[in-house]
Amino acid sequence: MEKAQEIIRLEDIFKIYRVGNQEVRALDGVSLSVFRNEYVAIMGPSGSGKSTLMNILGCLDSPDSGRYILNGTDVSEMDDGELADVRNREIGFVFQSFNLLPRYNALENVALPMVYAGVPAGERREKAAEALRSVGLDDRMDHRPNELSGGQRQRVALARALINSPSIILADEPTGNLDTHTSIEIMRLFDQIYRNGNTVIVVTHEEDIAAYAHRVIRLRDGRIESDTEHIK
């Protein structure tokens, strides 16, 4: 049997914040590996370190110490410009608040990461249209975010996350602003994305959302409390 390819490796990651005279260990020696085409949920109560971990996994922040190997590259000590390049190439983000640009229509929002990647305009439009079709928004390409429902906006965000064929899809509370019915629809899309061969990491505090994942990592006080797999 072919060995799974490691796509993320964290080695003894520390992140410490100083609040007044107090030292807060947001991450206190976290080590973990994620393999290609895994579907992982990261859970934990408020203050557990899950947001800090997400920011480091997403190259939005750097650890104070420890190593982060992303798809074979050590990103632990990269500067902001280098991290921005890695983010655009390796990571597709999906946020609770969608993070769509209000003046741009759905097609333009989805195409945006390709602008930074230097993809020609015609190719951008073609790929963005295909991505929107893949999430069921064929008829909403010219609509701006304020003309779309919450679920439709999250579908646009999903299409945008996939557009550069990233190594991982990283979602932060992706159903936090959605009703139950729409949340189920969005999580079915994540399942489809996973089945298409993508690596998916979802940060959530909701047990029913984490249940869609095949592996659940629970944090407490900046440390991994448990790391369990369940086969579906």
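The values are calculated or read from the model by the stated rules, or taken from the named source; none is laboratory data. Predicted, not measured: the structure shown is a model, and the values here were computed from it. Please note: Cβ atoms are built from the backbone with ideal geometry, for glycine as well, and neighbour counts cover all protein chains shown. Just the protein is used for accessible areas: all its heavy atoms, side chains included, with ligands, DNA and RNA removed. Shrake-Rupley method; radii C 1.70, N 1.55, O 1.52, S 1.80 Å.
Listing for the model above:
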quantity	calculated
Size of charge dipole - the chain - debye, nearest 20, with Cβ of Lys, Arg +1 and Asp, Glu -1, no other charges	380 debye
Kirkwood estimate for the chain, i.e. one over the average of 1/r between Cα atoms, Å	18.3 Å
Accessible surface of the stretch 150-207, 1.4 Å probe, proportion on carbon and sulfur as whole %	38 percent
Cα-only Debye scattering, the stretch 161-202: base-10 log of I(q)/I(0) at q = 0.13, 0.19, 0.22, 0.28 Å⁻¹	-0.27, -0.56, -0.73, -1.03
Heavy-atom surface of the stretch 84-232, accessible at 1.4 Å and reported per residue (Å²)	50 Å²
Highest average packing first - 193-202, 218-227, 164-173, Cβ atoms within 10 Å	164-173, 193-202, 218-227
Distance from the stretch 97-173 to the stretch 1-79 (C-alpha centre basis), Å	27 Å
Label-point separation, Asn37 to Arg220 (7 Å along Cα→Cβ), nm	3.5 nm
Using alpha-carbon coordinates, inclination of helix 180-195 to the longest axis of the chain, degrees	80 degrees
Sulfur and carbon atoms: percent of accessible area, the stretch 1-101 [1.4 Å]	45 percent
Relative pair counts by distance (%), Cα atoms of the stretch 12-68, 5 Å bins	5, 17, 27, 27, 16, 5, 2, 1, 0
Rounded D (µm²/s) - the stretch 166-232, Kirkwood Rh over Cα pairs, Stokes-Einstein at 20 °C, 1.002 mPa s	168 µm²/s
Whole-number percent relative contact order across the stretch 114-217, with pairs defined as alpha carbons under 8 Å at least 6 apart	24 percent
Separation of the Tyr104 and Arg67 label points, Cα + 7 Å toward Cβ, nm	3.6 nm
0 to 90° range, to nearest 10: angle between helix 106-116 axis and the chain longest Cα axis	60 degrees
Between helix 80-90 and the chain: long-axis angle, C-alpha atoms, 0 to 90°, nearest 10	60 degrees
